[in-house]
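Read the structure below first, then the notes.
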Amino acid sequence: MHRHLQLTEHGKLKHFLSIEGLSKRLLTEILDTAESFAGISEHQVKKVPLLRGKTIVNLFFENSTRTRTTFELAATRLSADVLNMNIATSATSKGESLLDTIRNLEAMHVDMFVVRHALSGAAHFIAQHTAPHISVINAGDGQHAHPTQAMLDMFTIRQHKKQFAGLKVAIVGDILHSRVARSQILALNTLGVAEVRVIAPKTLLPAHVCSMGVIPLHDMEEGLSDVDVVIMLRLQKERMNSAFLPSESEFFKCYGLTETKLQQAKPDAIVMHPGPINRGVEIASSVADGPQSVILEQVSNGIAVRMAVMTMTLGHHGGAA
Ligand code: CP
């Protein structure tokens with residue numbers, strides 16, 4: 001759907017809106033470019049001049065801790081100028097349309113919009129209507145996609161497991177409302193894992209889940225058996241318009257990840273979560289803070305992956321080297 005809008009005529013990234021339609025080669029290029037940036041956070045001077053003179057606007061119409069701050073850090077480390085729009089105090093509250101906001105920011109000669117919005121398709125809409133020199137990155141749109149989150153998750157998996165071939169991955173929890181799960185499933189299948197399982201009650205799985213290239217399961221013991229990677233998701237109550245569960249405590253009993261349930265996975269399985277985590281709802285503290293958890297590594301990796309996507313969409317292919 002987004003393939004032609006996302007890519008230049010030479011097959012390079014112009015916008016980053018969705019994993020859909022992107023090749024294994026391109027996803028691998030993002031991971032390799034991110035790897036070249038990963039060491040910069042350890043340097044005394046945490047900066048490279050790749051995007052000096054570029055202006056990047058963070059347009060977050062929905063709350064965020066991890067994504068907004070790591071996009072800002074990524075842009076700063078690439079020496080770009082960053083403008084964080086405070087939507088709550090912007091003219092949006094006076095009735096200005098999204099397109100008028102974009103037109104006004106374009107008039108300030110900016111180079112990139114990083115967009116988070118509660119409506120699916122918002123970043124795509126901006127990419128369709130913005131000036132040709134501007135790149136748009138989707139930082140999460142409704143229930144649709146969160147492609148940079150999926151790529152930082154792929155980066156973290158590759159760091160620990162070295163390759164995707166042969167891996168069994170379980171995604172657990174509220175798949176129905178999760179833009180992260182949709183993007184992860186596309187990325188995992190494109191990169192060639194052996195199996196993607198989704199584990200949830202029927203009420204929290206999309207109707208046509210099998211067409212997504214996953215194995216749906218409703219039992220944690222069966223679903224976690226012999227997996228290499230466990231990805232936990234929170235209940236996205238802000239997107240629930242009716243009762244999908246009896247109670248949070250019942251959900252934790254059946255689907256919450258505890259040390260006992262984790263024993264079904266391979267001994268070297270890693271535990272992931274895009275955050276924010278809800279302790280005692282989808283994950284026990286002893287697992288979230290335990291030796292198999294790579295949750296905070298995911299956050300750190302977000303900086304390098306977002307640096308990669310920013311440089312690639314703005315036409316710098318080659319990373320930090
Ligand atoms: N994972 C994620 O998108 O977190 P934030 O909502 O804090 O950005």
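For this structure, a couple of remarks:
- Solvent-accessible area per residue for the chain (1.4 angstrom probe, square angstrom): 42 Å²
- Simple label model, 7 Å out from Cα along Cβ direction - Thr55 to His43, nm: 2.6 nm
- Apportionment of accessible area to carbon and sulfur, the chain, percent (1.4 Å): 53 percent
- Placing a pseudo-label 7 Å from each Cα along the Cα-to-Cβ vector at Glu248 and Thr260 gives an inter-label distance of 2.1 nm.
- Across Lys202/Lys237; Lys24/Lys46; Lys168/Lys261; Lys161/Lys261; Lys46/Lys162, pairs whose alpha-carbon gap is larger than 18 Å: Lys24/Lys46; Lys161/Lys261; Lys46/Lys162
- By the Kirkwood approach, averaging reciprocal distances over each pair of separate Cα atoms, region 147-298 gets a hydrodynamic radius of 15.1 Å.
- Three principal axis extents of the chain based on alpha-carbon atoms, in descending order, are 55, 45, 37 Å.
- Compared with the direct C-alpha span, the chain from Glu222 to Ala88 gains 43.7 nm at full extension, assuming 0.36 nm per residue.
- Each stretch of four or more DSSP H residues adds -39500 (n - 2.57); spread over every residue of the chain, this sum gives -10500 deg cm²/dmol at 222 nm.
- Given charges at beta-carbon only (K, R positive; D, E negative), |dipole| of the chain in Debye: 520 debye
- Residue-span extension gain [Glu238 to Gln128] - 0.36 nm each, minus C-alpha spacing: 36.8 nm
- Packing, as the average of other Cβ atoms within 10 Å across residues, places the peptides 174-180, 69-75, 24-30 in the order 174-180, 69-75, 24-30, highest first.
- Gyration tensor (alpha-carbon) shape descriptor, region 261-321, a/c threshold 1.5: prolate
- Global geometry of region 38-90, whether rounded, prolate or oblate, following the gyration tensor of its Cα atoms and the 1.5 cut on a/c: oblate
- As a rough guide to protection, the peptides 247-253, 294-300, 308-314, 272-278 ranked by mean Cβ packing within 10 Å, highest first, stand as 308-314, 272-278, 294-300, 247-253.
- When you restrict to C-alpha pairs under 8 Å that are six or more residues apart and normalise by the size of the chain, the relative contact order lands at 21 percent.
- Calculated FRET efficiency for the pair Thr65/Ala107, C-beta based, R₀ 25 Å, to 0.05: 0.25
The values are calculated or read from the model by the stated rules, or taken from the named source; none is laboratory data. Computed from a predicted structure; not experimentally measured. FYI the Cβ positions are ideal-geometry reconstructions off the backbone, even for glycines, and counts take in every protein chain you see. What goes into the accessible areas is simple: the full protein's heavy atoms, side chains included, and nothing from ligands, DNA or RNA. Shrake-Rupley method; radii C 1.70, N 1.55, O 1.52, S 1.80 Å.
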